[in-house]
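Notes to accompany the following structure.
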Amino acid sequence: SKIDSVIYFNKQLLDIARRDKDSFNIGISLFNIGTTYRFISELDSAAQYILAGAKILDGKGHNNLESTINDGLQSLYMTLGKYDLSIMYGKKAIALARQVNDKGQLANALTNLGLSYSDQGKTAEAKNLFNEALAVAKSDGNKSIEAIALNNLSDIAIRENNFDLLKTYGERATQLAIEMQDDGTLSGAKLSLAVYYLS
């Protein structure tokens, strides 16, 4: 979460990669800088860097990265409210993650695509994607994505007034967040439990 340091070191990498004419690391550093700007809601800078990095890396035979690239584009367009593009890139990210059997990236892409559907009120589609992300995360032992999927499923449970399920999701997400010492995920889980007890 030290955003300034992330940007600083990726810009250092970018300078070195440009000096060495290393297109792979130029693309990686541009993409990482853009992703970091998205986290702090500097969307113009995020779009500029992510798109530049994706242009360099996409379709260049970096098969293990292509799902991540498309997932990054999905997240960018979701943040910008361009859901048609977000969903297009999200589906591509999922297909590529399945192709290379990258469970961690698959769970990420499923979660992000679920958020795009959820933002549009398409609850059934979102729930299916979050449940699949949860199953993939559990099978891969990925506690972070498991907790995120549970928090997202909690939001769906609130919309559907399914408070018993909300309690189950909230308690498990809380347990995982405490184990990982992840305050951001923990706050979401505690909010879900607060809604449960209020109900």
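Once the Cα atoms of helix 103-119 and of the chain are each reduced to a long axis, what angle between those two axes, in degrees from 0 to 90 to the nearest 10, is obtained?
70
Hey, how many Å between the Cα centroid of region 11-50 and the Cα centroid of region 162-190?
33
Using +1 at the Cβ of each Lys and Arg and -1 at the Cβ of each Asp and Glu in the chain, identify which of Ala17, Tyr49, Ala157 lies farthest towards the dipole's positive end.
Positive-most Cα among the choices belongs to Ala17.
Run lengths n ≥ 4 of DSSP H only: what is the helix-derived mean residue ellipticity at 222 nm for the chain, with -39500 (n - 2.57) per run over all residues, to the nearest 500?
Using -39500 (n - 2.57) per qualifying helix, the result is -28500 deg cm²/dmol.
Between rounded, prolate and oblate, where does region 73-142 land on the alpha carbon gyration tensor, with a ≥ b ≥ c its root eigenvalues, rounded for a/c under 1.5, else prolate if a/b exceeds b/c?
Details: a/c = 2.34, a/b = 1.42, b/c = 1.65.
It is oblate, given that a/c is not under 1.5 and a/b is not larger than b/c.
Top mean-square fluctuation among Ser144, Ser67, Ser154, Gaussian network model of the chain, C-alpha springs under 10 Å?
Ser144
If you take the square roots of the eigenvalues of the alpha-carbon gyration tensor of region 3-51 and sort them as a ≥ b ≥ c, do you get rounded (a/c under 1.5), prolate (a/b over b/c) or oblate?
Since a/c reaches 1.5 but b/c is at least a/b, the shape of region 3-51 is classed as oblate.
Accessible surface of Asp84 in the full protein assembly, 1.4 angstrom probe, to the nearest 10 Å²?
130
Please report the accessible area of Lys91 (heavy atoms, 1.4 Å probe, ligands and nucleic acids excluded) in Å², nearest 10.
Accessible area of Lys91: about 110 Å².
From largest accessible area down, sort Arg18, Arg172; use a 1.4 Å probe on the protein chains. Mind showing how you got there, number by number?
Working: Arg18 130, Arg172 80 Å².
Final ranking, largest accessible area leading: Arg18, Arg172.
Determine the per residue accessible area of region 47-199 with all protein chains present and a 1.4 angstrom probe, expressed in square angstrom.
Values: 7390 Å² over 153 residues.
Computed with neighbouring chains in place, this is 48 Å² per residue.
Along region 50-58, what does the Karplus equation 6.51 cos²θ - 1.76 cosθ + 1.60 (θ = phi - 60°) give for ³J(HN,Hα), rounded to whole Hz, x for Gly and Pro?
Those phi angles translate into 4, 5, 5, x, 4, 4, 6, 8, 5 Hz.
Using heavy-atom solvent-accessible surface (probe 1.4 Å) with all chains present, what is the largest-first order of Met88, Met180, Met78?
I get Met88, Met180, Met78, largest accessible area first.
For region 137-150, take each phi angle, set θ = phi - 60°, evaluate the Karplus expression 6.51 cos²θ - 1.76 cosθ + 1.60, and give the result in whole Hz per residue in order, putting x for glycine and proline.
In residue order, the calculated couplings are 4, 5, 5, 9, x, 8, 5, 4, 5, 4, 5, 5, 4, 5 Hz.
Sort region 77-199 into rounded, prolate or oblate with this rule: let a ≥ b ≥ c be the square roots of the eigenvalues of the Cα gyration tensor; rounded if a/c is under 1.5, and if a/c is not under 1.5, prolate when a/b is larger than b/c, oblate otherwise.
Here region 77-199 falls in the oblate category.
Output ³J(HN,Hα) for region 154-169: one whole-Hz value per residue in order, computed from phi by the Karplus curve 6.51 cos²θ - 1.76 cosθ + 1.60 with θ = phi - 60°, and x for Gly and Pro.
4, 4, 5, 4, 5, 4, 8, 6, 9, 6, 5, 5, 4, 5, 4, 4
The values are calculated or read from the model by the stated rules, or taken from the named source; none is laboratory data. Computed from a predicted model, the values in this text were never measured in an experiment. Note: ideal-geometry Cβ built from the backbone for every residue, glycine included; neighbour counts use all protein chains shown. Keep in mind that these areas ignore ligands, DNA and RNA; they rest on the heavy atoms of the full protein, side chains included. Shrake-Rupley method; radii C 1.70, N 1.55, O 1.52, S 1.80 Å.
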